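A short worksheet on the structure shown next.
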Amino acid sequence: MASQNTDNLEAVIKTVVAKIKRFKGQGFGEQNTKANLIDPILQALGWDIHDADEVHREFKPTSKDSPVDYALKIIRKPRLFVEAKGLDENLTDRKWIAQVLGYATVAGVEWCVLADGDEYRFYNANAPLDADEKLFFKLKLSETSEAESGRMLRMLSRSNMEDNRLDVLWEAHFVDRQVRACLLKLFTTFDKRIVRLIRSEAPKLQPKDIVDSIRRLGIRIDPPADLPDAARSPIGPRKVESNTKRSAKLARPARQLKTATKVGVSLTEIIKAGFLKPPLKLFRKYRGTTLTATLNADGTVEFQGTRYSTCSNAAGSARGTITGRPMATNGWSFWQYTDATGKALELAHARSQFLAKAGRPEGG
């Protein structure tokens, strides 16, 4: 097995970047890219590129599938796919993105990377989002310091994949992104709720004075330091004009974080309306383990032989089997199910459909 020490990673990155600059624009090709740019990085990350039980090249999820360039395995089980393209290929091409996400979905692999030796794009294939929003973060070696590149690439190290480090960071990123988007929307549109909140603490201030002050302060919310820089996207005054439309788009999924009590709708109502059809398999991959439950016709959720009156109680107990103690959990955003087209959706999706048909607001 290859050494797990990644102390020489920055030196390897420096050598790879020199090759990138040397061969860029010369039609380097996919095979040269893999041998000269990607293999050294994987090896420096602790992967034994000469052991097929650990780095399986041209891996096929099934005999009928096209092969993915690298399947990185833990205990002979694929944990991450890397699809390589030749240096200078356009990795934003949706056909490449769909290709690597398709490979991962078929094989049940959560993480995949699209790379051309210079740029690395990290995707969570299981996230119930559009393809573009499955992107966790991206990195370009030739435009980033060796230290920062090393910090980000270590997310792919063998030891980090064993410890499910990416899963933990994604969960934080997924929540933080929605919260930041909501805050950005509130502050950049000077939402009346923000103004009222401030006035409740400083009643002598006038609304116009508060709005003018928010403009002057240029409030900034920084995300946790352990997230990759490309995934952090801190909220600051420079983003006010350019990101308003983007923030509104990202804010929409945040409504899924509301609880059943706030929304005032039960699973039983949704089932009776025909938006969910029991018995329905529920699932969620959590810290490397796929948890499964069953939604019953009476609206209860059964997990490991126990029926729970709410999806949140079931989700909390399910997480507890991994963490060692029950966890307060929003079951609407935790549990997923598969629709008739095979798409994975959160329970909150069915709830939103029900509320829309009933003409009820999600917050009502």
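The values are calculated or read from the model by the stated rules, or taken from the named source; none is laboratory data. Just so it is clear, the model here is predicted, and its values are computed rather than measured. Virtual Cβ from ideal backbone geometry, glycine too; neighbours counted across all protein chains shown. With ligands, DNA and RNA removed, areas are computed over all heavy atoms of the protein, side chains included. Shrake-Rupley method; radii C 1.70, N 1.55, O 1.52, S 1.80 Å.
One line per residue, one yes/no per condition, for (1) in a loop (DSSP other than H, G, I, E, B); (2) acidic (Asp, Glu); (3) surrounded by 13 or more Cβ atoms within 10 Å (Cβ to Cβ):
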{"position": "VAL17", "(1), (2), (3)": "no, no, yes"}
{"position": "GLY25", "(1), (2), (3)": "yes, no, no"}
{"position": "PHE28", "(1), (2), (3)": "yes, no, yes"}
{"position": "ASN32", "(1), (2), (3)": "no, no, yes"}
{"position": "ASN36", "(1), (2), (3)": "no, no, yes"}
{"position": "GLN43", "(1), (2), (3)": "no, no, yes"}
{"position": "HIS56", "(1), (2), (3)": "no, no, yes"}
(message) Quick check on this structure: which one of ALA98, ALA71, ALA84 is over 21 Å from LEU141 (Cβ atoms) and open to solvent by less than 40 Å² (accessible area, probe 1.4 Å)?
(response) ALA71
(request) Pick out the one residue from LEU91, LEU87 that is touching a Phe, Trp or Tyr at 6+ places or on another chain (Cβ under 6 Å), under 25 Å from PHE23 (Cβ atoms) and not acidic (Asp, Glu). (result) LEU87
(message) Can you say whether ARG76 is of a type in the set (Lys, Arg), surrounded by fewer than 21 Cβ atoms within 10 Å (Cβ to Cβ), at pLDDT 90 or above and over 22 Å from the mean Cα position of the chain (by Cα), as far as the supplied structure shows?
(response) no
(request) Being modelled with pLDDT under 90 and touching a strand residue (DSSP E or B) at 6+ places or on another chain (Cβ under 8 Å) is the filter; apply it to the range 139-168 and report the residue that is nearest to PHE334 (Cα to Cα). (result) ASP167
